[in-house]
Amino acid sequence: ALDILMVGKHTTVTLFHPTQNPEGVIQMGLAENQLCFNLIHEWLLKNPEASICTAQGAAEFRDIAIFQDHHGLAEFREAVAKFMGKVRRNRASFDPDRIVMSGGATGAHEMIAFCLADPGDAFLVPTPYYPGFDRDLRWRTGVKLIPVVCESSNDYQITIEALEAAYETAQEADIRVKGLLITNPSNPLGPIITKDTLEALVTFTNHKNIHLVCDEIYAGYRLHQPEFTSIAEIIEEDKICCNRDLIHIIYQLTQDMGFPGFRVGIVYSYNDAVVSCARKMSSFGLVSSQTQYLIASMLADDEFVDKFIVESRKRLAMRHSFFTQRLAQVGINCLKSNAGLFVWMDLRRLLKEQTFEAEMVLWRVIINEIKLNVSPGSSFHCSEPGWFRVCFANRTNS
C-alpha cells in the first residue's frame, strides 16, 4: 500500500516512491534524519546480541521481559547521561538519577507541563514554534501558551522586550505565567540560540520566578559554527545567578540517533520535586525494557558513538549546504541556520498578496503541482506570511 499524507481536513495525497508511485508527493515536511541509517544498520548486524529477540540475544530475554524498575534500567540511564554529555562536547555533565524517561518528546513535554502548571496557567513560547506544542502541552493539561512574537527583521531572535510584552499580556488577562519554553536549536528556524541570549533568558526567568524549559532534542545536529550551547552549560557559569530549581531540559535521545520512532523521550530536571513527580507520572509512558536494553548496548560502544556523531554532522552539513545553495541559484533565500534538520525558506516574493490566505494558496500549488510537501509558516504561528519550513534530511541519497 502507498503511504498516505493528510494535507487538509478532507484531502489526502499519496507519497512519492521511486518505482511504485513516481508521481507522488515528496515528503519534506517531516523532521527526521535518514542520512545515517546505514551506520545503525551496520552496528545492528555486528551486534545481534543487543536485541533480546535474536538467537544471539535470547539468553537475556527472560531477565529483560519481566517487570523492571520504573525508573529505567540503570545501564540505560547511565548510557543516556553519558551520550547527552557527548553531543554537548562534554562541556556539561548529567546525573543518571535525574533522568526520567517518557514516550518520546511528546510525552516529556506533557509530563513537564503537568509537573509545573495547573489548568489555566501558561507558558510563554517564542514564535514561530513547533505546532505540536499546542497538542503536547495543552490538550490534557489545560495549560495555555502565550506567544512571544519574534520577527524576521532581526532574524527571529528572542528579545527581552518581546518577552516582557508577552508577560504583560498574560498579566492583563489575569493568566498566571509558570514558565518560558524555548527550543534550542530552534524548530522550525534552524539557528542555535546564542550564549548571550541564553544568559539573558536565565536572568529573565529568575527575575520573574518562572521556570525555563529548554527543548534540546536537536542538540546533536550542529551543522556549522557557532557551537551549540546547552542551558546545562549556562547554569554552571559563576557569573550567572540562577535558581536551578527553575531549569529543566527536554530531550529525545532517538531524534539525535536518527530513529525517533523508538519514542525515547527524556525529562532532565534540576528540581528534586519535579524529578520525583515526573518519576511517578512516567509509569503512564514508559519506554519498553527491550528498547532500553538495545539502546544502552549501542551507546556503550564508544567507538561507534563517536564515529556516528561526527559522520552524522558531516552528512547533515553537506545536505544543508547542497540544498540551500541550489535554492539560492533560483533566487530563493533561507534564514541563516546552523543546526537541525530543516531550513526556514523565504517565499514572500511569490505571494500574490501579503496574507496568510495567500500563503495557503501558494502551499497548495507547491504540494499539488510541484509535488513537494513543505510546511507553511502559519502552522508554526509565524507572525509574517510567506515563510515555509523544509526538512532536508528525511530522504536518503539512494
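The values are calculated or read from the model by the stated rules, or taken from the named source; none is laboratory data. Please read these numbers as outputs of a predicted model, since none were measured by experiment. Counting neighbours? That spans all protein chains shown, and the Cβs are built from the backbone with ideal geometry, glycine included. The area values use the complete protein model at the heavy-atom level, side chains included, leaving out ligands, DNA and RNA. Shrake-Rupley method; radii C 1.70, N 1.55, O 1.52, S 1.80 Å.
What the table below lists for this structure:
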| quantity | calculated |
| --- | --- |
| Near pairs, Cβ below 6 angstrom, 6+ apart or cross-chain, from region 283-304 (over 10 Å from Ala50 (Cβ atoms)) to any residue that is open to solvent by 50 Å² or more (accessible area, probe 1.4 Å) | Ser283/His70; Ser289/Gln68; Thr291/Phe262 |
| Qualifying positions in region 266-278 - under 14 Å from Pro96 (Cα atoms), part of a helix (DSSP H, G or I) and either of a type in the set (Gly, Ala, Ser) or open to solvent by 30 Å² or more (accessible area, probe 1.4 Å) (or both) | Asp272, Ser276 |
| Boolean, Val80 is surrounded by 18 or more Cβ atoms within 10 Å (Cβ to Cβ), assigned to a helix (DSSP H, G or I), in contact with a helix residue (DSSP H, G or I) (Cβ under 9 Å, 6 or more places away or on another chain) and of a type in the set (A, V, I, L, M) | yes |
| Matching option when the condition is of a type in the set (A, V, I, L, M) and touching a Lys or Arg at 6+ places or on another chain (Cβ under 7 Å), among Ile112, Ile52, Ile99 | Ile99 |
| Of all residues making up region 360-398, the number that are assigned to a loop (DSSP other than H, G, I, E, B) and open to solvent by less than 70 Å² (accessible area, probe 1.4 Å) | 10 |
| Top-ranked residue in region 187-233 [being among the small types (Gly, Ala, Ser) and open to solvent by less than 20 Å² (accessible area, probe 1.4 Å); ranked as nearest to Leu30 (Cα to Cα)] | Gly190 |
| Residue that is surrounded by the fewest Cβ atoms within 10 Å (Cβ to Cβ), among those in region 148-175 that are out of contact with any strand residue (DSSP E or B) (no Cβ under 7 Å at 6 or more places or on another chain) and in a loop (DSSP other than H, G, I, E, B) | Asp174 |
| In region 307-359, the residues that are in a loop (DSSP other than H, G, I, E, B) and free of Cβ contacts under 8 Å to residues at least 60 places away in the same chain | Val330, Gly331, Ile332, Leu347, Leu351, Lys352, Glu353, Gln354, Thr355 |
| Region 23-56 - residue that is open to solvent by 80 Å² or more (accessible area, probe 1.4 Å), of a type in the set (A, V, I, L, M, F, W, C) and part of a helix (DSSP H, G or I) and, of those, nearest to Glu311 (Cα to Cα) | Phe37 |
| Of residues in region 247-263 being more than 12 Å from the chain's Cα centre (by Cα) and open to solvent by 10 Å² or more (accessible area, probe 1.4 Å), the one modelled with the highest pLDDT | Arg263 |
| Condition check for Ala296: under 21 Å from Glu216 (Cα atoms), assigned by the TED database to the domain that holds Pro128, of a type outside the set (Lys, Arg) and open to solvent by less than 20 Å² (accessible area, probe 1.4 Å) | yes |
| Residue selected from region 286-301 under the condition in a helix (DSSP H, G or I) and of a type in the set (Gly, Ala, Ser), by the criterion farthest from Val100 (Cα to Cα) | Ser297 |
